[in-house]
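Everything on this sheet refers to the single structure shown next.
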Amino acid sequence: LNTHAENHINISPIVQVISYNDVYGKYPQMMGWWSASIINKNGVIISNDHVVDAGNGALASAFSVCITKEISKKPVCDYTASLIERDDTMDISILKINPKDIYGNDVDYSQFKTIDIDYTYEPKNQDETIAIWYPWVWADTISETKGIVSWVSEYNGYNYIKTDTLIAWGNSGGAFIRDGKLI
């Protein structure tokens, strides 16, 4: 993980994303809470497409971004995000933290801890990995599990990684890490 000696407001580049549907209607609906990773100092975050999809291809109306400031404490939801791009085939979405926080203050993106992406990683059996996310069962705290790559396969032009890393509902969009980089 990016551990430079900079002054960060969060302890991890992994954030919680809460998706809402119909926020402008009479009864806003929370779709669920998920995970995402801050990948650069411009407030860009990467997650899964099904995190932003309200079902049947419809998009969530709004997103809260929550960061963990202290280990074992609930994340603080002071930010919102906008959808930048999505790819349902690859199940990837790109969001950007909005330039104003929920209090109307300017967001200083340089204060967020980030994680680099390893674009060259080629998975191999027995590679050690770490998963960091906000699983549904323990959604109010960030969780980390370790595991190994137990199988690699190519299907329809895509590489698939099977792992023995514990994964639970709500982990979607979280970080799967090898050697301190997102894979």
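The values are calculated or read from the model by the stated rules, or taken from the named source; none is laboratory data. No experiment lies behind these values; they were computed from the predicted model shown. Using ideal geometry, Cβ is built from the backbone for each residue, glycine included, and neighbour counts are taken over all protein chains shown. Side chains included, ligands, DNA and RNA excluded: accessible areas come from the protein's heavy atoms. Shrake-Rupley method; radii C 1.70, N 1.55, O 1.52, S 1.80 Å.
Scanning region 1-21 for residues being open to solvent by 70 Å² or more (accessible area, probe 1.4 Å) and either more than 19 Å from residue 173 (Cα to Cα) or modelled with pLDDT of 80 or more (or both) gives a total of 5. Residues that are within 23 Å of residue 11 (Cβ to Cβ) and touching a residue at least 40 places away in the same chain (Cβ under 8 Å) within region 74-93 comprise 74, 75, 77, 81, listed in sequence order. The set of residues in region 140-183 that are touching a residue at least 60 places away in the same chain (Cβ under 8 Å), in a loop (DSSP other than H, G, I, E, B) and over 25 Å from residue 77 (Cα atoms) comprises 179, 180, 183. For region 22-42, the tally of residues that are at pLDDT below 80 and polar (S, T, N, Q) stands at 1. Within region 59-66, does at least one residue satisfy the condition of being free of Cβ contacts under 8 Å to residues at least 40 places away in the same chain and hydrophobic (A, V, I, L, M, F, W, C)? There is at least one residue in region 59-66 that is free of Cβ contacts under 8 Å to residues at least 40 places away in the same chain and hydrophobic (A, V, I, L, M, F, W, C).
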